[in-house]
Amino acid sequence: MKDGHCGFYGLIFVFIFLLHFTNGELDYSIQEEMKLGSIIGNIARDLGIDVGRLTARKARIETERNIAYCDINRRTGELTVAKRIDREVLCGERASCFVKFELLFESPLELHRMSLKIDDINDNTPLFPKDTIKLEITESADKGARYRVNAAHDADIGQNGVQSYILQENKHFILNTQTTSAGIKYAELVLNQELDREEQKGIQLLLTAIDGGSPQRSGTLTIDVTVLDANDNAPVFSQAVYEASLPENSPLKTHVITVSATDADEGVNGEVTYEFNKMSDKSRTLFSLDQKTGDVTVIGDIDFEEGSKYEIYIEAKDGYGLSTDTKVIICITDANDNAPIISVKSLTNPVPENVSPGTEVGIINVQDMDSEQNRQIRCFIQHNMPFKLIPSIKNYYSLVTTDKLDRELMPHYNITITAIDEGSPPLSSLNTVQVAIADVNDNPPVFEEQSYSSYVPENNKPGHSLCSVKAHDPDWRQNGTVIYSLLPGEVNGAPVSSYLSVNGDTGVIQSVRSFDYEQFRTFKVYVIARDNGSPPLSSNVTVSVLITDVNDNTPQILYPTPEGNSFMTELVPKDAQGGSLVSKVIAVDGDSGQNAWLSYQIIKSTDPGLFKIDLHSGEIRTQRDISDSDNMKQNIVVAVKDNGQPSLSATCSMFLLISDNLAEVPELKDMADEDSSSKLTSYLIIALVSVSTFFLTFIIIILGLRFCRRKKPRLLFDGAVAIPSSYLPPNYADVDGTGTLRSAYNYDAYLTTGSRTSDFKFVTSYNDNTLPADQTLRKNPTDFEEVFGDLDVSPEVGII
Ligand SMILES: *[C@@H]1O[C@H](CO)[C@@H](O)[C@H](O)[C@H]1NC(C)=O
Ligand SMILES: *[C@@H]1O[C@H](CO)[C@@H](O)[C@H](O)[C@H]1NC(C)=O
Ligand SMILES: *[C@@H]1O[C@H](CO)[C@@H](O)[C@H](O)[C@H]1NC(C)=O
C-alpha cells in the first residue's frame, strides 16, 4: 500500500502554477504530500528580482511558528517544499487550505506576503468508525424498516470525500443513501424481505464506502445482523449538532457540554449509552465522555494555539445496538496566555562609531500567538539611548540610530526591547541585545599639559633625562597607541636631534649633549604625539628647555691684576681722613644670579685696623685717620667670592703707599724743579701713569662689559693688562647693585663706574638676544689685538 502510494504520487503531474502576484503578495498553489525539494515556483522570476541579489539581500522565509514548509534556493530563486505538507493535518475539514508565510529581504527591509494554497489529493481512504458493527433486528420488523449505519468518514474533502456506499448483494436488505443537514452521506439498510429468526439467526453484510477521488479509494464495514425480537427505535439526539464554547486553559474536569439522546423503546431497548465515535487522536487526549450521562469534560490542557476548534462524533446506542451519532463542535476561545515573542532577525554588531544618525542596525520581529486583541503588540526600547525602533512592515521593526555614537563615551549599549500585547491583563516580554560600538580613529592624542618646560643644570651629562611628555588617546588599540617624536627643526642652527631625543614609547626626553648656560639659556622644541591609526592623528606640544646656571666660573679680578706688580701700588694721601675711598677691587663672574653675586673681604693686611673693604662694592676705605706713625707701605690681600654653592673665589693683593694726596701733584712737579729731581720724576711718572690708567681703565671696563655679555670673560682677561689707578674713581662690579636677584634666569647686570666722582652707567644685559647683531663680538684673538692696537696709537685720548 505504501509503495503504491509512492508510485501514485510520483506519477502525479506536478501541477503548480502561479496564481497571481499583486501588491507584493505572491500566491502559489501546490498539491499536498509533494516530495521534499519539489519546486513550487521561482521567486526571483515572479518578483522580477535578479537572482544574484537574493543572497546579498539575505532573502529568507519567515513563518509565524517557525515551521518552514518552504525554502528558498538563493542560487536559483526557486521556492521548494521543505517539509511534508499534509492538508488534512493543516486544515482538517476546511474547504480551502492556505499556508501563509513571508518572504523577507534585507537592506532595505522588504516583506512579501506569500500564500500557498494546498490542494487536496485523494490520499485518505473512507473509514467507518468501527470495522464491525452488530445490529440486532427483531424478526418482526416490517419490510421497509430502516436501519441507520454510521457514516464512513474520509479526511479528504469535496470530491475526495465519501461519495457513495455499496451494499453486498443479499436477500434481505437494500441500501438507501442519505445526506445529513451537515452534508454527511450515510447509509441506511432498508429491510426488503422480512427476517425469520428460525430460518436464519444472523446475516453478515459487507458495506463499502467509496470516495470520488481518482483513483477511487474505499473502506468496508462488516455488519453482523442478529435476528431478535423487537427493538424498533434507535436513540434520537436532541440536537443534530451540538456546539460548545470553551475558554482555553480550562482546568481539568471542566464540563463542556452534555449530549442527550432518547429512545422511544422501553427497558433495555430504551437504555441509551454514549460513546465517542470518530475523533482525532488529539481530541481523544482532551475530552472524555460519560457513557451514561453524555457529559463531555476536559481531561487535558486546552490550548487555543494548538487547536481552536474540535469536531467530535458521539454515538448514542440503545441496549440492543441501534445507534445514532451526532456531531459536537467545541470552539476554544482565546485567553491572553502567550507573551509576545521578540526575535532579532538581524543585527549589525559591532556598529562603527561613525555611522550617521538614522542608520539601520537591526531588524526585530515580534509575534504573539494569541489572537485578536491579544496579539496586538506595542514594542519599544528604553529611553536615553541613541537608538529607536521604527515600525516597519507588519510586525517588523527597524532598530535605527538616532544620534552620533562615540565609542570613547559608551563602548556598548544594552538595548532592552519591550513588547506588550493588548490583552487584559497584558503580557509583555523583554529582550536585551548588546550592541557593541566599533572604534574609529577619531581622537588625536592629547597631551596632559599645554606645554612642558624643563630645567636642566648646565654641564649636564649627555643622556640626562630632562622630563617626560605624556599624551592620551582614548581610541581603541592601535588607534589609541601613542608614539612620540621630535618635530624636525633647528636650534641655533643645528638640528633638534643633536640636542634632544625623545623615547617614542615613553615620551622621556633626554639630552644628547651637554649644555652650557653661558652659551645659550633656553630653547624650544616641538614633540609630536601620533597614534597608530590609519590615517594617524597627531598633536604637538612645545617643550621649553631652560638651562640653569651652575657655579662653574671663578670670579675674575679685573683690577688689580692678580699677580700684582709695581704699578699696582695705590697712593693714599697722608692726611686721608677715616672713611676716605682709597681704591676699589673690580671683579666679574661669568655665571649669573647668585653664582655671580660677588663679595669682597680683606683676608690679610699689614695693619688690620687701617683699611676696610665694602663687602658688596669692593671699595677700599680707610677706617681711621692716617697718622704719621703708620707704615708708609701697606699691603692687603683681598678675596673675592661668589655666592654659588659651593662658592668659588679668587684673591689679589694690593700695595698701598701712604703719601701726600694727588691734589698736590702739580705742586709736586713744581717743587720737584726746586727740590729734588728724583721726587719730581717720580711724581711725573705717577701723573702719567694715572692718566694712562684712567684711559686704560675706561677701555677695559668697556671691553669687560662687552666680553661679559659674551661668555667666559676669563678668555679675554686672563693675564691681560696691568691697570694702575690711584685717584681715578675706582670701578666695581656688582650685580644688580642691590645684591638681590630678580630672576634666576634672566636679569640685567649693571656695571657702574665710580661711586661719586663719575656718572657713567652702563646698562647691559646678559641676554644675547638684546645685543644687536652688528655689535656681537667674536672671540677672535685678532679682535683683541685691534683693540689693544688702538690703545697704543692714541693713549691720551682725553675723556677728562
Ligand atoms: C550590559 O550588560 C552586561 C552584561 O549583562 C554588563 O556587564 C554591562 O555592564 C552592561 N552595560 C551597560 C552599559 O549597562
Ligand atoms: C581603528 O580605526 C579604524 C578607522 O579609523 C578602524 O577601521 C579600525 O578597525 C580601528 N581599529 C581598532 C583596533 O578598533
Ligand atoms: C602643531 O599643533 C598646531 C595646533 O595645535 C597645528 O596648527 C600645527 O599644524 C601643528 N604642527 C605640526 C607640525 O603638526
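The values are calculated or read from the model by the stated rules, or taken from the named source; none is laboratory data. If you're wondering where the values come from, they're calculated on a predicted model, not measured in any experiment. In this analysis, Cβ positions are derived from the backbone assuming ideal geometry, glycine residues included, and neighbour counts consider all displayed protein chains.
Data for the structure
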quantity	calculated
Residue that is without any contact (Cβ under 8 Å) to a residue 12 or more places away in the chain, out of contact with any helix residue (DSSP H, G or I) (no Cβ under 6 Å at 6 or more places or on another chain) and more than 16 Å from ligand 2 (Cβ to nearest atom), where the choices are Glu448, Glu490, Glu518	Glu490
Positions within segment 119-145 being within 60 Å of the chain's Cα centre (by Cα) and of a type in the set (A, V, I, L, M), in sequence order	Ile121
Residue list for segment 411-431, filter: part of a strand (DSSP E or B) and either more than 16 Å from ligand 1 (Cβ to nearest atom) or touching a Leu at 6+ places or on another chain (Cβ under 6 Å) (or both)	Thr416, Thr418, Ala419, Ile420, Asp421, Ser428, Ser429
Residue check, Ile85 assigned to a loop (DSSP other than H, G, I, E, B), at pLDDT 85 or above, under 25 Å from Ile30 (Cβ atoms) and among the aliphatic types (A, V, I, L, M)	yes
Qualifying position, being modelled with pLDDT under 85, touching a Phe, Trp or Tyr at 6+ places or on another chain (Cβ under 8 Å) and surrounded by 20 or more Cβ atoms within 10 Å (Cβ to Cβ), among Leu289, Leu322	Leu322
Unmet criterion (only one of (1) more than 16 Å from ligand 2 (Cβ to nearest atom); (2) among the charged types (D, E, K, R); (3) within 23 Å of the chain's Cα centre (by Cα)) for Glu408	(1)
Segments classed as strands (runs of 3 or more DSSP E), wholly inside segment 301-371, with at least 2 members that are within 22 Å of Glu62 (Cα to Cα) and either away from ligand 2 (no atom under 16 Å from the Cβ) or polar (S, T, N, Q) (or both)	341-347, 360-367
Qualifying positions in segment 104-162 - modelled with pLDDT under 90, under 30 Å from Ile363 (Cβ atoms) and among the basic types (Lys, Arg)	Arg113
Any pair with Cβ under 8 angstrom, 6 or more apart, that starts in segment 54-74 at a residue that is in a strand (DSSP E or B) and ends at one that is surrounded by 17 or more Cβ atoms within 10 Å (Cβ to Cβ) and acidic (Asp, Glu)	Ile61/Asp71; Ile61/Glu102; Glu62/Glu102; Ile72/Glu78
Considering residues of segment 425-439 that are β-branched (Val, Ile, Thr) and buried (at least 18 other Cβ atoms within 10 Å of the Cβ) only, the residue nearest to ligand 2 (Cβ to nearest atom)	Ile437
Within segment 524-539, considering residues that are among the polar types (S, T, N, Q) and at pLDDT 95 or above, the one nearest to ligand 1 (Cβ to nearest atom)	Ser539
Sole residue being buried (at least 20 other Cβ atoms within 10 Å of the Cβ) and under 30 Å from Ala244 (Cα atoms), chosen from Ala335, Ala316, Ala339	Ala316
Residue among Asp370, Asp442, Asp403 that is surrounded by 15 or more Cβ atoms within 10 Å (Cβ to Cβ) and either touching a strand residue (DSSP E or B) at 6+ places or on another chain (Cβ under 9 Å) or at positive phi (or both)	Asp370
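For every residue, the table says whether it meets (1) under 25 Å from Val482 (Cα atoms); (2) out of contact with any Gly (no Cβ under 8 Å at 6 or more places or on another chain); (3) within 16 Å of ligand 3 (Cβ to nearest atom).
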site	(1), (2), (3)
Asn503	yes, yes, no
Gln510	yes, no, no
Phe515	no, yes, no
Arg521	no, yes, no
Asp531	yes, no, yes
Leu537	yes, yes, yes
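So that you can scan it fast, the table gives a plain yes or no per residue for (1) closer than 21 Å to Val550 by Cα; (2) surrounded by fewer than 16 Cβ atoms within 10 Å (Cβ to Cβ); (3) in contact with a Leu (Cβ under 7 Å, 6 or more places away or on another chain); (4) of a type in the set (Phe, Trp, Tyr):
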| site | (1), (2), (3), (4) |
| --- | --- |
| Phe447 | no, no, no, yes |
| Tyr455 | yes, yes, yes, yes |
| Tyr484 | no, no, no, yes |
| Ser498 | no, yes, no, no |
| Ala529 | no, no, no, no |
